[in-house]
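Structure record follows, encoded as structure tokens.
The values are calculated or read from the model by the stated rules, or taken from the named source; none is laboratory data. Being a predicted model, the structure only gives us computed values, none of them experimental. A quick note on method: Cβ atoms are made from the backbone with ideal geometry, for glycine too, and the neighbour counts reach across all protein chains shown. To get the accessible areas, we keep the full protein, side chains included, count just its heavy atoms, and leave off ligands, DNA and RNA. Shrake-Rupley method; radii C 1.70, N 1.55, O 1.52, S 1.80 Å.
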Amino acid sequence: MKQGPDAEPAEVRTRPPADGAALGVALKLLGIGPLLILILLVVGISLATPNFLKPVNLGNILAQTAVIAIVAIGQHLVILTRGIDLSVGANLALATVIGGLVFRVADSGPLVMAAMLLAGGAVGAVNGIVYVFGRLPHPFIITLATLSIARGLALELAVGHTTMRGMPIEIAFIGGGSTLGIPNSFFVVFGVATLVLLMARAMVWGRWIYAVGGKPEAAVQMGIPVKWMLVSVYVISGLCAGVGAIILAGRTEAASPLYGNLLELDTIAAVIIGGASFLGGRGHIGHALVGAVMIGVIRNALNLLNVDVFFQMIAIGAIIVLAVEADVLRNHLEARVRVMQSGRAS
């Protein structure tokens, strides 16, 4: 028997192999937990109210969730790098106002959409550049500032400081139209998610994101252009807010400085509920989409059941807490698995 200070701890040496298998199963369940919860929610709600599974209602859920899903994709990339973007809601509002002002000058769908995307990307670029090259300790600071600045600009620029009616027919078709009974906004979400997924999986840029989020110091030592990579992530988050502005403006056929209120919380909730980690370096685009759909399903169900609207906020908050605790539990289980693996290796 091995003696002395190098001896293996008894609990590691005698732990049965089944213990490791149980931990592995637990980790897998935590990994697919959000999807399982969503499935159980759908089953439970469909039993509680028969109206839930009606095609019209499912279409409403997809349409209402589209904006959160699109913006959550950008927020997901930011959180992967251990950051946060609090400006997305105000950015979306400003983008719709810019688009509304352009529409008053020229009734051109492509021009109005380009203006919204440019406005969203510009705010994202400001966030990234000031955070990185201003050497701020955390992106919370600059994105909180641009939240206030963008909202103020939206209110100042909007004609009459209020909602401006009217949008080009192309934008109305994208945000409010449907094809074969499926909202067109769903196809936009699918297209953006596919594009970002390909960028994250097929390009070295995607591997850089996970490297920076996982171990920032090691990423610098590896020669990864961390600064410009971070700027690009915030620009993409801003562009996603611009796409969300197109969808929302099209659905309402209006531009408003009041749009996007608390959207930043919804998108952060979608990403965390979906299983991503605030510690960075872990997550999948699908996680953000599952989280966004879960939020949409919960709100829709509570509306169908005539539950007070304020309870929706309580429900979403409670789910966020559970999602964060699940992430803590996953980290704890992974640490135990590593200890067991190192014990067997020695």
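Consider the candidate values (i) 20.9; (ii) 21.5; (iii) 20.2; state which one is Kirkwood radius over Cα pairs in Å computed from the structure displayed.
Recomputing Kirkwood radius over Cα pairs in Å here picks out (ii).
Can you tell me the 0 to 90 degree angle between the C-alpha axis of helix 263-273 and the longest principal axis of the chain, rounded to 10?
The angle comes out at about 30 degrees.
Let me know the charge dipole size of the stretch 78-186 about its Cα centre in debye, to the nearest 20, where only the beta-carbon of Lys, Arg (+1) and Asp, Glu (-1) is charged.
Once rounded to the nearest 20, the dipole reads 220 debye.
Is the stretch 73-202 best put as rounded, prolate or oblate by its Cα gyration tensor, with a ≥ b ≥ c the root eigenvalues, rounded for a/c under 1.5, and otherwise prolate when a/b is larger than b/c, oblate when not?
oblate
Computing the accessible area with a 1.4 Å probe over protein heavy atoms, can you report the carbon and sulfur percentage for the chain?
Percent of accessible area from carbon and sulfur atoms in the chain: 70.
Between LEU94, VAL105, THR81, whose Cα lies farthest towards the positive end of the dipole of the stretch 74-233 when Lys and Arg beta carbons carry +1 and Asp and Glu beta carbons carry -1, centred on the Cα centre?
Working it through, the farthest residue towards the positive pole turns out to be THR81.
Quote the accessible area belonging to LEU198 in square angstrom, nearest 10, computed with a 1.4 Å probe and with ligands, DNA and RNA left uncounted.
Number for this one is 110 Å².
Rounded to the nearest 20 debye, what is the charge dipole size of the chain about its Cα centre when +1 sits on each Lys and Arg Cβ and -1 on each Asp and Glu Cβ?
In total the dipole reaches around 640 debye.
Per DSSP helix of 4 or more residues, -39500 (n - 2.57); summed, then divided by the residues of the chain. What does that give at 222 nm, rounded to the nearest 500?
Calculated from helices alone, the mean residue ellipticity at 222 nm is -25500 deg cm²/dmol.
Once you order the gyration tensor axes a ≥ b ≥ c over the Cα atoms, which shape class does the stretch 164-226 get: rounded for a/c under 1.5, otherwise prolate or oblate by comparing a/b with b/c?
prolate
For the chain, find the longest principal axis of its Cα atoms and tell me its angle to the long axis of helix 88-105, 0 to 90°, nearest 10.
Result, in degrees: 20.
Rank these residues by their accessible area, most exposed first, probe 1.4 Å: VAL324, VAL231, VAL105.
If we order VAL324, VAL231, VAL105 from most to least accessible, we get VAL105, VAL324, VAL231.
For VAL290, VAL71, write out the residues from largest to smallest accessible area, computed with a 1.4 angstrom probe and no ligands counted.
VAL290, VAL71
Sorting LEU197, LEU86, LEU35 by accessible area (1.4 Å probe), largest first, what list results?
LEU35, LEU197, LEU86
Quick one: angle between helix 285-304 and the longest Cα principal axis of the chain, in degrees between 0 and 90, rounded to 10, please.
Around 60 degrees separate the two axes.
Provide the solvent-accessible area of LYS215, counting protein heavy atoms only and rolling a 1.4 Å probe, rounded to the nearest 10 Å².
So the heavy atoms of LYS215 present about 140 Å² to solvent.
Can you figure out the FRET efficiency of ALA202 with PHE133, using R₀ = 35 Å and their beta-carbon distance, to the nearest 0.05?
In this case the efficiency is close to 0.75.
Excluding ligands and nucleic acids, what accessible area in Å² is computed for VAL212 using a 1.4 Å probe, to the nearest 10?
10
In whole Å, what are the Cα extents of the stretch 160-284 along the three principal axes, biggest one first?
Cα extents, longest axis first: 52, 37, 26 Å.
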